[in-house]
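Peer 1: Submitted below is the structure of interest, expressed as structure tokens.
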Amino acid sequence: MQITEIQTTLFYPEEAVFEPEALEYDLGRRLYDDFRARGIRLKTAPSHNRLEVPGTDYCTRFHRAKRMAAVGVKRSLTPQPCRPSADYRLILNTSCPAKCHYCYLAATLGERTYVRLYVNIDKILRAAKQSISHRIPEITTFEASSSSDPVALEHLTGALRRAIEFFGKEAHGRLRVVTKSDHVESLLGAAHQGHTRFRFSINTEEIINEHEEGTAPLEGRLDAAVRVHGAGYPLGFIVAPLIIYEGWQSGYTSMLDKLAASLPEAAMRDLTFELIMHRFTQRSRRLILERFPDTTLAMDTRDRIHKGFGKYVYEPQKAQELEGVLRSLISERFPEAQIEYFT
Ligand code: SF4
């Protein structure tokens, strides 16, 4: 497969807000100088957690916030679980420049959807090391994408490469990354030692076009996946969110056909899939409709069941159909792949 020549545009904020303490770190000073040289509006604020985003209504504030970045120090370093994907989260940044209508962070971020870039990467990695040490001889896994798409921000901070190289040296630590970005270049030469599994979040072209604003197209993600595999990383795919719409079966068939046609034979031997159904809460639905009043994302509670913790998922018969179809499409095309979970 040929490398796609036109990649998605790299994100640079229109406005960046710095915590004064962030400027005590090399990365904070580098970001400040880089943003200033690019003519980005710069401000300071006491905390990256409580920025005021101008705008009279929530929709305006949301879209404005997505063009802002806060640069600060990550203070809470207590290990947080991250099931079913990993043992713990590794939070290098928060939020991302894309605007997926269904974003799984919708409710958690609320008003604070601006990108947050953390400058104390060494401390974050030291905390991860402690968590790894406590569990030896077990292998401890960390998810780098539980609060962001770190690949989409890597050109700004280089934090993910540092994390990948840190895990490359850890006999008992493993990193997991998920992305919808095609900007993997700077990670290809990292000394990963096979300790980081790179997963691409993929979906049907209909869903990507309708609901994933600002992400790389399917072909860009597949090109990037081939390059990542070529650099020796273990590879996987998250198919999420699984959505039932008119023509969904042919949409997922065509997506998996494209995937099978793009991957080299060698990639098929160690491939993982994670399958995640679409879900929402009443709060996330309200926020999504305020952010994207014209969205076609279906969020009717009548064909969903309440799963606990306020979450709505497809009712059991539909969920079983989704799972059955996806499992057989995957095993027909990728017989050696491991489907890690369907949820
Ligand atoms: Fe949310 Fe991930 Fe989409 Fe970013 S790429 S908007 S984090 S779902």
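Peer 1: Give me the percent relative contact order of the stretch 1-88, please, defined on Cα pairs under 8 angstrom at least 6 residues apart.
Peer 2: This gives 35 percent for the stretch 1-88.
Peer 1: Give the aspartates and glutamates whose C-alpha is closer than 17 Å to that of Lys66, dropping any in the same chain fewer than 8 places away, or say none.
Peer 2: Result set, ordered by chain and number: Glu14, Glu15, Glu52, Asp57, Glu111, Asp149, Glu154, Glu212, Glu213, Glu290.
Peer 1: Also, I was wondering about something else. Using only the Cα atoms of the stretch 53-136, what do you get for the radius of gyration and for Dmax, in Å?
Peer 2: 15.2, 52
Peer 1: Right, next: Running a GNM on the chain with Cα contacts under 10 Å, which residue among Thr301, Thr140, Thr272 ends up with the highest mean-square fluctuation?
Peer 2: Comparing Thr301, Thr140, Thr272 in a Gaussian network model of the chain, the most mobile one is Thr301.
Peer 1: Another one. If you average the sequence gap of Cα pairs under 8 Å that are 6 or more apart and divide by the length of the chain, what percent do you get for the contact order?
Peer 2: Taking the mean separation of contacting Cα pairs over the length of the chain, I get 15 percent.
Peer 1: Compare the Cα positions of Tyr25, Tyr341, Ala191 along the charge dipole of the chain (+1 at Cβ of Lys, Arg; -1 at Cβ of Asp, Glu; about the Cα centre) and return the one farthest towards the positive end.
Peer 2: So the residue we want is Tyr25.
Peer 1: So which DSSP H runs in the chain come out at 15 Å plus along the axis (Cα) with average Kyte-Doolittle of at least -1.0?
Peer 2: Flagged H segments are 121-135, 218-230, 248-262, 316-333.
Peer 1: Within the chain, what's the longest stretch lacking GluC sites (Glu not before Pro) that sit in DSSP loops with no more than 13 other Cβ atoms inside 10 Å?
Peer 2: Longest site-free region, per DSSP loop and neighbour criteria: 139-245.
Peer 1: In square nanometres, what is the average projected area of the Cα convex hull of the stretch 178-236?
Peer 2: Mean projected area of the Cα convex hull: 3.7 nm².
Peer 1: Quick one, can you get me the convex hull of the C-alpha atoms of the chain expressed as volume per residue in Å³?
Peer 2: Output value, Cα hull per residue: 140 Å³.
Peer 1: Please list, ordered by chain and number, the residues whose modelled amide H lies under 5 Å from the amide H of Gly236; skip anything fewer than 5 residues away on the same chain.
Peer 2: HN-HN under 5 Å from Gly236: Phe198, Arg199, Phe200, Thr272.
Peer 1: Normalised by the number of residues in the stretch 135-257, what is the relative contact order in percent for Cα pairs under 8 Å and 6+ residues apart?
Peer 2: Value for the stretch 135-257: 24 percent.
Peer 1: Rounded to the nearest 10 Å², what accessible area does Ile124 have for a 1.4 Å probe in the complete protein model?
Peer 2: 10 Å²
Peer 1: To continue, here is another question. Tell me the carbon and sulfur percent of the accessible area for the chain, rounded to whole percent, probe radius 1.4 Å.
Peer 2: 50 percent
Peer 1: Separate question: Nearest 5 percent is fine: what portion of the DSSP beta bridges confined to the stretch 1-151 is antiparallel?
Peer 2: Of the beta bridges lying entirely in the stretch 1-151, close to 20 percent run antiparallel.
Peer 1: What is the ratio of the Cα radius of gyration of the stretch 233-325 to 2.2 N^0.38 Å, with N the residue count, to two decimals?
Peer 2: It is 1.29.
Peer 1: May I pose another question? Please state the charge dipole magnitude for the chain, taken about the Cα centre, from unit charges on C-beta atoms (+1 on K and R, -1 on D and E), reported in debye and rounded to the nearest 20.
Peer 2: So the magnitude is around 1300 debye.
Peer 1: Here is a further query. Using helices alone, what [θ] at 222 nm do you get for the chain, with -39,500 (n - 2.57) per DSSP H run of 4 or more residues, divided over all residues and rounded to the nearest 500?
Peer 2: -10000 deg cm²/dmol
Peer 1: Rounded to the nearest 5, what is the percent of antiparallel bridges among the DSSP beta bridges in the chain?
Peer 2: Percent antiparallel among DSSP bridges in the chain is about 20.
Peer 1: Taking the full set of protein chains and a 1.4 angstrom probe, give the accessible area of Ile91 in square angstrom, rounded to the nearest 10.
Peer 2: We get 20 Å² for Ile91.
The values are calculated or read from the model by the stated rules, or taken from the named source; none is laboratory data. Not measured: the values here are computed from a predicted model. All Cβ positions, glycine included, derive from the backbone under ideal geometry; neighbour counts span all protein chains shown. Just the protein is used for accessible areas: all its heavy atoms, side chains included, with ligands, DNA and RNA removed. Shrake-Rupley method; radii C 1.70, N 1.55, O 1.52, S 1.80 Å.
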